[in-house]
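The values are calculated or read from the model by the stated rules, or taken from the named source; none is laboratory data. All values reported here derive from a predicted model rather than from experimental measurement. FYI the Cβ positions are ideal-geometry reconstructions off the backbone, even for glycines, and counts take in every protein chain you see. Keep in mind that these areas ignore ligands, DNA and RNA; they rest on the heavy atoms of the full protein, side chains included. Shrake-Rupley method; radii C 1.70, N 1.55, O 1.52, S 1.80 Å.
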Amino acid sequence: MVTESALTDAPPTDMRRPSRRRWWGRVLSWGAIVGIVLGIGAVTSTVLFPEQVERVYGSMQKEVGAFRIDVLGEVPRVTLGASGGLSELNRCDGTFTEMRSYEHEGVPPIWAAHNNCGGDVVLPWRVGTEVIVVRDGEEQRFVVADVRITPKTWATIDDLIGLGGEFGLQSCFYGENRMKFIGLEPVTKE
């Protein structure tokens, strides 16, 4: 039989400290709830505002690229691949494709890559940026001689007449109706 004194000696159950296991369980539960809410928010914003999300992502990629060039002193590297058209470009193999559709009097050969297939490397470049170009396994150093930004739509090849450099690289901005063309010329040894 339990006496009355035995009951009064024990502290009430609501006055006891919660155990560590219970405390960690609460922390993990709240962490899971916050993670789920953030995930739902990310998916919702991506579905409802895809161009804005793509633009923000592209802006971050461009800033990281500029930081790597300006602060860390990295020299960007690109690889020239096959020649052809859209089917070669869509291979998305990390190389720039020589675009036959850009062949025109007064326009240097243009090599293109989708921004999400390695082409975004050109987005932070400006006149004077040095780059390493790999073609057929051979590396050569080039410098950006010219930059042109055109719309993706309603632009013509005539917009590229006079682009400086031996050849050009092209990629599109993320989430925008703009393309960037870079004219490259070999670095001369002084």
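Residues in the range 68-82: is at least one open to solvent by 60 Å² or more (accessible area, probe 1.4 Å), at pLDDT 70 or above, within 29 Å of L160 (Cβ to Cβ) and not in a helix (DSSP H, G or I)?
So far as the range 68-82 goes, yes, one or more of its residues are open to solvent by 60 Å² or more (accessible area, probe 1.4 Å), at pLDDT 70 or above, within 29 Å of L160 (Cβ to Cβ) and not in a helix (DSSP H, G or I).
List the pairs whose first member sits in the range 145-166 and is within 17 Å of P186 (Cβ to Cβ), whose second member is outside any loop (DSSP other than H, G, I, E, B) and among the aliphatic types (A, V, I, L, M), and whose Cβ atoms are under 7 Å apart, counting only residues at least 6 apart or on separate chains?
Qualifying pairs under 7 Å: A145/L184; L163/V107; G164/A145; G165/A145; G165/L184; E166/L184.
Considering only residues of the range 24-75 that are of a type in the set (K, R) and closer than 24 Å to G175 by Cβ, which is farthest from the chain's Cα centre (by Cα)?
So the first thing to find is which residues in the range 24-75 are of a type in the set (K, R), and the list is 26, 55, 62, 68.
Checking the rest, the ones that are also closer than 24 Å to G175 by Cβ come to 55, 62, 68.
Values: R55: 10, K62: 7, R68: 13 Å.
Filtering first and then ranking leaves R68.
Name the pairs whose Cβ atoms lie under 7 Å apart, with the first residue in the range 73-97 and more than 17 Å from V121 (Cβ to Cβ), the second of a type in the set (D, E) and surrounded by 12 or more Cβ atoms within 10 Å (Cβ to Cβ), and 6 or more positions between them or separate chains?
Partner pairs satisfying both residue conditions: A82/E88; S83/E98.
Does at least one position in the range 90-103 carry a residue that is within 17 Å of F173 (Cβ to Cβ) and modelled with pLDDT of 95 or more?
yes
Let me confirm something: among D158, D146, D120, D93, which residue is crowded, with 21+ Cβ neighbours inside 10 Å and of a type in the set (D, E, K, R)?
Every option except D120 fails the conditions.
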